[in-house]
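I have placed the structure first, in the form of structure tokens, so that the comments after it can refer back to it.
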Amino acid sequence: MYTITPELVLKFHKPAPRYTSYPTAPEWGPMDEQVYRKELEKLAKTENPLSLYFHIPFCKTMCLYCGCSVVLNRKPENETLYVDYLTKEIDLVTKILGRKVVPQLHFGGGTPTKLSIPLFQRLFTHIQERFSLDFSKEIAIEIDPRTVLENGGEKLRFLHQIGFNRVSFGVQDTDPKVQEAVKRRQSLEMTQETYWLARELGFSGVNLDLIYGLPYQTPETFSKTISDILEMRPDRIALFSYAKVPWLKPHQKAIKDKTLPSTEEKFRIYTEARSRLVDAGYVVIGMDHFALEEDVMAVAYREKTLQRNFQGYTVRHAEDMVSFGASSIGFVQNGYFQNLKALPDYYGALEKGELPICKGRILTEEDRLRKWVIHTLMCTFSLDKKSFEKKVGVPFDSYFADAEEKLAELEAEGLILQTPEKIEVTQPGELLIRNVVMTFDAYLKQESKPKFSQSI
């Protein structure tokens, strides 16, 4: 186990960004679609490959813990309409980009597998017509196991048939009491059946997603969940902290604080689960991912080519990520761009022939440097100061002289080790990596209005 006291846990239990972007989303502002268009035009002039993200927002019911951009829907015609507009957006973007090579494609949600097979086939065919997909790399999708087992697993078989090679199954917790409390009822048997069917079909990567810090979880109950997961032995496991942000997601108010584990209990749930996964042969990837030694993510971690973006930790197949769908976020050339969230607004922009962008951020040189520092530490748990100096022409310690006091405090607490050449994050520091990298965030201010979930 790790040498970290309850007092230290409470000291660092504070709101902290997850740094899937830098600057973080609260620092973005309104974005004109012409700015996005110009960045796409720059990208079109390069030979750069693309990562693509498609957001399918629909869900049948709302899971109470959910922090995603979701639209509750039980009418198939609404999904058909959404795909109609999604193809319009694809056409608008590819009219600028041309037919780019895509070594990385990801479907997220919402529930991407809520689309019917014919509707999904129509969308996927359109994507293949407009982009050159590299099926030898990563074609991935998030899956709710409750949506793919009908008719002998017909939908899962379909996804494998059309070229998806990596699947991520949402599990969260296998304990029925926890599932009932968050309104996500999914038996262990259903999870196992879906998992083993994916193995039988030959998906090259099968991932399972868990959440700790949910109602009625205890170290003992979650230990049983970890045992259930280890019996399946997925290629990757995501172990996410429940992000309680009721000011952004009002439905989370239905989860009462008295049902949640205390800060100390939540930290214990995580550290004990982490230790068991490591003992079982998983490599720790950043703050919340685990991968088997031979998985490409573990290889990327060892080779220091891992990257962090709005999909979490990913293998770096492309620098630019173009996103499609309501509320989706991409990174193109030198900026973050987010689509309109409300479906009527998203549809309305596309009807006018406009790219449906609403907000974003063009990075300054300072932003890019700090992003590099923050993401390097989050992806590798170390930073070579000489590499920074080569980028900037200024010694790291001089450039970040204002961080000297905070870094000294982190070192005194045993979270980092510093030398003139590098910063190394210690094992206790890995557990509090969000707090460590906040040191380099130029935008953080003491404000009464909450922006971020707690770091623990």
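Every read-out reported here was derived from the displayed coordinates using simple, explicitly stated rules and does not represent laboratory data. Just so you know, these numbers come straight off a predicted model, no measurement behind them. Don't worry about glycine lacking a Cβ; one is built from the backbone with ideal geometry, like all the others, and counts go over all protein chains shown.
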Quiz prompt | Zone of residue 161's modelled label, taken as backbone nitrogen in region 196-227 under 15 Å from a point 7 Å along Cα→Cβ | solution = 201-202
Quiz prompt | Rounded, prolate or oblate (a/c below 1.5 giving rounded, otherwise prolate when a/b exceeds b/c) for region 364-443 by Cα gyration tensor | solution = prolate
Quiz item: Counting pairs of alpha carbon atoms under 8 Å apart in space and at least six apart in sequence, what relative contact order in percent does the chain give?
Solution: 22
Exercise. Please find the FRET efficiency linking residue 192 to residue 81, where r is the Cβ-Cβ separation and R0 is fixed at 22 Å, and quote it to the nearest 0.05.
Key: 0.05
Quiz item: How high is the relative contact order of region 364-443, in percent, counting Cα pairs under 8 Å that sit 6 or more residues apart?
Solution: 34
Practice problem: Can you tell me how much longer the chain between residue 419 and residue 126 gets when fully stretched, taken as 0.36 nm per residue apart minus their C-alpha distance, in nm with one decimal? | Solution: 100.2 nm
Self-check item: Cross-link partners of residue 258 among lysines (Cα-Cα below 26 Å; sequence separation of 8 or more within a chain)
Solution: 11, 14, 177, 183, 224, 244, 249, 266, 449, 451
Quiz item: Can you list the lysines whose alpha carbon sits under 19 Å from that of residue 45, skipping same-chain ones fewer than 8 residues off?
Solution: 95, 100
Quiz prompt | In region 364-443, lysine pairs closer than 14 Å at Cα, eight or more apart or cross-chain | solution = 4
Quiz item: Rounded to the nearest 0.05, what FRET efficiency is calculated for residue 265 and residue 443 with R0 set to 30 Å and r the Cβ-Cβ distance?
Solution: 0.40
Quiz item: What does region 298-362 give for Rg and for Dmax, in Å, if only its C-alpha atoms count?
Solution: 14.6, 47
Exercise. With +1 on each Lys and Arg Cβ and -1 on each Asp and Glu Cβ, and nothing else charged, work out how big the dipole of region 364-443 is about its Cα centre, in Debye to the nearest 20.
Key: 380
Self-check item: For peptides 389-400, 337-348, sequence by mean Cβ density within 10 Å, most packed first
Solution: 337-348, 389-400
Quiz prompt | Between region 19-92 and region 137-178, the Cα center-to-center distance that results, in Å | solution = 21
Quiz item: To the nearest 0.05, what FRET efficiency results for residue 201 and residue 293 with a Förster distance of 22 Å applied to their C-beta separation?
Solution: 0.40
Quiz prompt | Difference of contour (0.36 nm per residue) and Cα-Cα distance, residue 11 to residue 220 | solution = 72.7 nm
Quiz item: Fully extended, how many nm does the chain gain between residue 41 and residue 391 (0.36 nm per residue separation, minus their Cα-Cα distance)?
Solution: 123.4 nm
Quiz item: Put a dot 7 Å past each Cα toward the Cβ at residue 316 and residue 248; how far apart are the dots in nm?
Solution: 2.6
